[in-house]
Each structure stands twice: as structure tokens, then as C-alpha cells.
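Would you mind keeping the following structure in view while I ask a few things?
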Amino acid sequence: MRPGRLVLGVVLFIVGVLMLAPLVWLIVQSLMPEGDAFSLPPSWIPKPFSLANFKGIDGLIPFWQMALNSVIVAVVSTVGSMAVSVLAAYGFSRLPFRGRDRLFALMLAALMVPGQMTVIPVFILMRNLHMIDTLQALWLPALINVFAIFFFRQYFNTIPRELDEAARIDGASHGWILFRMILPLSGPALAAMSILSFEGSWNNYFGPLIFLSSHNKMTLPIGLVTLQAGQGGSSTVVFAAITAVVVPVLVVFLIFQRAFVASIASAGIRG
Amino acid sequence: MTAAPSLVSSGSRANTGGPGHRSWVGYAFVSPAVLLFVVFILGPFVAAIILSFYSWDMLTPSKFHGIGNFTKMFSDPTLYKALSNTFIFAIASVVTHLVGGLLLAVGVNRMTNKALSYFVRTSLFFPFVISWAAVALLWKYVLDPTFGIVTYYLGQIGINSPNWFIDPHWALTAIIGIDWWHTVGFTFIIMLAGLQTVPTELIEAARSDGCNGWQVFWNVTIPLMSPTIFFAGIITFIGAFQIFDPVQIITPNGGPNNSTLTIVMYLYQQGFQAFQVGYASAVSLLVFAIMALVTALQFWLGRKWVHSA
């Protein structure tokens, strides 16, 4: 090994360790008794060890209810938006109708509209529909995912049209072609968009901040923030709650790392 | 993310439906998306434009206000503060992400040890998958002046930390640092993907012509990477310009002397805390105009600067 490579390896290893340090510190403090955590010099091993902080979370916020809310919103938004987007992308890719390309261009142009611009009118709409402080207020607007429609349409366009034209001649319906032929060939695109949609919903803070007010309707990110704002819980319990939110996400990420990174690289969406 | 006209037309193999083809099938397939699009994007977009000409607090009846909201914007020092903070943040974010992401990607790309490379890639990307809410709460503690680890270890090497979120000179810098920690993994992944498209033959050819590592990096890698760097820069700018979560969570009132007040945070304050719906809509129109300008600039500069193979 050349010395240059050794230096490079050492430097990058240190960068990696520094990136992880705040997370390790978080988890270690959450596993220590209140009186021992946050000592100086910082402890990097949870000794003495205690799970008491995790038992304290439910006394401050309805953690499991919030986790369930997060799951409901993320699953409904993801499944729903994928269904809507796949149908639309098939229409825009394969079915001729008047004004099709102009309609598609209009939707694409809307990608430039930041969500903060539409949020006030959407808030007023939700208020008129009596949906403030409901989970619908979060997943209903998430069903329209213009980027996913664009992404799927691009992907469908790479699938040879001879395939579906042959199936049409054999009498297949458009539904059959989409669900039995095109979707089975679109696994990577579906995975990429589903992962990004789920992640976006799971980590969403702006939407819940605006639409939700009662504790048992909240999702995890907004629930965490209320925990630090009022409640008067100890810092170790706050750390336990953050850990309980962060660690499952990191584990899921480690399992699906390859698919996750591929989806980020292919779509180029920043969280 | 880019919407060139060529992406809209169906390409060379246009679908020839013929006169007998029933176009209602097409409408049926796109109708759920179009309905949702009109209700949640197009309608609200138009409504925001209309609202910006009104004065409304969401309770009493709205009043037509002409261009009053827009003239108010020109003489609103807090808006200027928010805009300048946001531009400083976005530019600092672009520079630090591009430099950091590119150097890390070049480094990792040259690594030969598989396990070490996996460790570095994973630890760089870990923070990116965590929600901003958790990241912001955690960093409030990490930078705490009494028991935060950054304060402690900087003290060990003789650097006195400022009181990050209280000191108006340092609050925005702290947010820039936290944002870097959270999202540099994304920039890194984009850069790494771009690097892997640079043909190794070109690099080897440059090396055999006697170029050193730095010359290869500067004269071969960077030009060939320019589309990726450009794309990453635009995405970073657009994301950074809309920064809200960490500043709202860490400094809910905009920080000392509004030193961390960003434009989207100001929009939120006006719309959902002061209930100045008309004025907030006018500000949101300004955000949209800036986004549109950046996108237009993207096309224009992209055509001029970016090296295309």
C-alpha cells in the first residue's frame, strides 16, 4: 500500500467517526441513568446502564399512538400516490388524448411551485372541509406526486411499445397491460419512488406543524418537538425518545441501503 | 427535476392512436391525478396569487387591498433580513456541500479497502435518513454551552466555543454546520454516482502523459463532472433556499436579532402566527418568483458552462 492511500484511508475513517459521533453520543446517553448521563468528559459507553429513560417516554407523549399515526400517514400516502401516479404515467406515456402533452407540461411546470406557496390555501380548504387536526389533512394532499408521474412516464417510455401493441392485438385491456406487463418490468422505478415517498412522509415536519394540534393525532417528528418544548421531561428522556425514533430508521436503512441509495441517486431528490 | 421541452413530447415513436381510438380511456387513466393536481396544486397556486391582493386574518371578512401587500414588502426590514439570511445560508450551503461532497466522493472512489469504504459511505449517509426534527433536537444538545460534546472537545484543543444559538454572529453559522452534517451524504452520493461515469481510460491517459493527481483532478475529473456538480449545486440551492425545519425547531422566534430568520420561516410566522394571510401570500409569491428565476438561470447557465460529452 502506497503511503498516499494510507493517509487517505485514515482521513476518511476519521471523517466517518466524526459523522457518527453525535449519534453514538445520543444513544449512549439515552441508555444511562439521569444522574450519570451528560457528564464531562462525555461518556461513550453506557455505564451504568439503564432502560428507565425509555419507560419514561410514554408518560410524556403518547409515543405508540404517534408511531401508529406516522405509519398510517406514510403508508396511505405512499400506496395512494403510487397508484395515482402509475395510472397517470400510463395515460401520459401510452394513451392518446386531446391536450395530453400540454396537460403534462402544465403539471411539470408546477414542480417549480414550492409547497410553502400552496400551503395557506390548502390550509383554508382543509379548514372548510373540517379536516384540521386529522390525519387526512396530511395524506390527502400527498396523493398527488408530480415528480413520480414524471419519473414513471420516463421509465414507461423506455419499455418497448411493441410489447403492449402485441398484447392489444391479442385483446388485452389497458389495465391488464399496465398491471401485468408494464409494472412487473418497472420494479426499480417503483422501489425508488416508494422509498422516497415513504421517507418524505415519515420525516415530514412542516405539514404536521400546520395541520395537527392534539397530541394523539401527531406524528413522531412533531411529537418529538412538543416533547422538548413543554412537558418538563428530563433531557435523558428526550434523548430516549429521539433514540426510539432514530434507531429503527437507521436499522431499516442498513437493511435496504442499496435500494435506498440507488433511489436517491436516480431521482436526485433532497429531503 | 429538469423540465426541458424534449421531456414533454412523446419522442420519436409518438403514439398513433388513429381516429378510431377512444380518447376517454386516456382521460380516465389521468383523471385521479388531474383532479388532485387541480385541488391541491393548481387551485391553491391561483388562490395564493388572488389572496396576495387581499387583506385577511382568516376570521373577519377579507378586504381587497390592491398592491398594498407588495408595497409593504418593499419597506419591510424584517423581510430584507429574512431574505439576506436565506441567501447567505443558501450560498454557504451550496459551497460547503459541493466542496465537501466532491472531495469525499473522490476520496471514497479511490479507496481499495471494501470494508472501510462501506463504513465511510454508511456513516456519511446515516444523518440524511434521519428526520430534521430528530437532528435539530439532537444538535441543540451537541452544541450546548455546558455539556455539549462540540463545546467540550473544542475546549480540549484550546478553542473557546461561542454560545452558538444565543450569539447573533454564530447562530446562522451553527445552522449551516448542522445542515452540512445532515445533507452532505446526499451530495456525496450524487457526486459518487457522477464520478463513476468518468471513464478511467481518460484518467489513465492523463497520468501516463505525466499529469500529477492534482492536475488530473482539476483538468480531467472536474470538467467531466461538471454536469453532476451543476445539478447538485442547483438541487442544493433550491433545498437550502426553502430551509425551515431546523431553524424553526432550534430558534423558534428567528434567533437573536432575527439572525436565523429565513424566508419560509417568515412566511410561516406571517401566515400562521400573525394571521396576515394576504401578506404571507405575497411573500410566498416572492419565493416562487425566486425559484422560477433560479430554474431559468439553471437552463441558461447550464447551456453555457456545462461540459457535455
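The values are calculated or read from the model by the stated rules, or taken from the named source; none is laboratory data. A quick note: this is a predicted structure, and the numbers were derived from the prediction, not measured. We place every Cβ from the backbone using ideal geometry, glycine too, and count neighbours over all the protein chains shown. Just so you know, the surface numbers come from the protein's heavy atoms only, side chains and all, with ligands and any DNA or RNA stripped out. Shrake-Rupley method; radii C 1.70, N 1.55, O 1.52, S 1.80 Å.
What residue among A:Ala21, A:Ala137, A:Ala191 has the largest mean-square fluctuation in a Gaussian network model of chain A, using Cα springs under 10 Å?
The residue that fluctuates most here is A:Ala21.
How much solvent-accessible surface does A:Val76 expose, in Å² to the nearest 10, with a 1.4 Å probe and all protein chains in place?
50 Å²
Once the piece of chain linking A:Ser173 and A:Asp36 is laid out straight, how much longer is it, given 0.36 nm per residue of separation minus the C-alpha distance between them?
42.6 nm
How many nm separate the modelled label positions at A:Met181 and A:Ile14, each set 7 Å beyond the Cα in the direction of the Cβ?
5.9 nm
Over the stretch B:22-69, what is the mean sequence separation of C-alpha contacts under 8 Å (at least six apart), divided by residue count, expressed as relative contact order in percent?
Reported as a whole number, the value is 23 percent.
While we're on this one: So, in nm, how far is label B:Val99 from label A:Asp133 when the simple model puts each one 7 Å beyond its Cα toward the Cβ?
Here the modelled spin labels are 4.9 nm apart.
Let me ask something additional. May I ask you to order A:238-245, A:93-100, A:124-131, A:26-33 by the average number of other C-beta atoms within 10 Å around their residues, highest value first?
Result, highest mean first: A:238-245, A:26-33, A:93-100, A:124-131.
Which percent of Cα-Cα pairs in the stretch B:71-305 sits in each 10 Å bin, short to long?
Calculated P(r), rounded to whole percents: 7, 26, 30, 22, 12, 3, 0.
What is chain A's relative contact order, in percent, from Cα pairs under 8 angstrom and six or more apart in sequence?
Rounded, it is 30 percent for chain A.
When chain A is treated as a GNM, springs tying every alpha-carbon pair under 10 Å, which of A:Ser39, A:Ser81, A:Ser50 comes out with the largest mean-square fluctuation?
A:Ser39
Here's something else I'd like to know. For the stretch A:1-112, report the translational diffusion coefficient in µm²/s to the nearest whole number, using Stokes-Einstein at 25 °C, 0.890 mPa s, and a Kirkwood Rh over Cα pairs.
For these conditions, the coefficient is 122 µm²/s.
Now for a separate question. Once the piece of chain linking B:Trp24 and B:Trp218 is laid out straight, how much longer is it, given 0.36 nm per residue of separation minus the C-alpha distance between them?
64.3 nm
If you roll a 1.4 Å probe over chain B with all protein chains in place, what percent of the accessible area is carbon or sulfur?
67 percent
Sticking with this structure for a sec: Please report the accessible area of A:Thr118 (heavy atoms, 1.4 Å probe, ligands and nucleic acids excluded) in Å², nearest 10.
Its accessible surface works out to 20 Å², give or take rounding.
Related question: Once each part is reduced to its C-alpha centroid, what is the distance from the stretch A:104-181 to the stretch B:28-66 in angstrom?
Going from one Cα centre to the other spans 20 Å.
Ok, one more. Can you work out the accessible area per residue across the protein assembly as shown, with the rest of the protein chains kept in place, probe 1.4 Å, in square angstrom?
Using a 1.4 Å probe on heavy atoms only, each residue of the protein assembly as shown averages 44 Å².
Moving to a separate point now. Enter the mean number of other protein chain beta carbons within 10 Å of the beta carbon of each residue in A:199-205, as an integer.
Mean partner-chain Cβ count within 10 Å for A:199-205: 4.
Still on this model: Mean projection of the alpha-carbon convex hull of the stretch B:22-69 over all orientations, in nm²?
With the hull built on Cα positions only, its mean projection is 4.7 nm².
Considering just Cα atoms, how many Å³ per residue does the convex hull of the protein assembly as shown enclose?
Taking only Cα atoms, the protein assembly as shown has a hull volume of 184 Å³ per residue.
Tell me what the protein assembly as shown gives for mean residue ellipticity at 222 nm when only DSSP H runs of n ≥ 4 count, each as -39,500 (n - 2.57), the sum divided by the residue total, rounded to 500 deg cm²/dmol.
The helix contribution divided over the protein assembly as shown gives -21500 deg cm²/dmol.
While we're looking at this one, here's another question. At a 1.4 Å probe radius, carbon and sulfur cover how many percent of the accessible area of chain A?
So the carbon and sulfur contribution to the accessible surface is 69 percent.
Compute the distance in nm between two label points, each set 7 Å from the Cα along the Cα-to-Cβ direction, one at B:Ser226 and one at B:Ile88.
Rounded to a tenth, the inter-label distance reads 3.2 nm.
Which values of log₁₀ I(q)/I(0), to two decimal places, follow from the Debye formula for the stretch A:60-267 at q = 0.19 Å⁻¹ with a uniform point scatterer at every Cα?
Log10 I(q)/I(0), no solvent term: -1.35.
For A:15-28, what's the mean count of beta carbons from other chains sitting within 10 Å of each residue's beta carbon?
Whole-number average of other-chain Cβ neighbours for A:15-28 is 6.
Which whole number gives the average, over all residues in B:142-154, of C-beta atoms from other chains lying within 10 Å of the residue C-beta?
Average per residue, whole number: 3.
If you take the Cα Rg of the stretch B:157-233 and divide it by 2.2 N^0.38 Å, with N the number of residues, what do you get?
This ratio for the stretch B:157-233 stands at 1.62.
What is the Cα convex hull volume of the stretch A:1-50 when expressed per residue in Å³?
82 Å³
Still on this structure: Note the buried accessible area between A and B here, summed over both chains, with a 1.4 Å probe, in Å² to the nearest 100.
About 9200 Å² of accessible surface is lost on pairing.
With an 8 Å cut-off on Cα pairs and a minimum separation of 6 or more residues, tell me the relative contact order of chain B in percent.
In percent, rounded to a whole number, it is 28.
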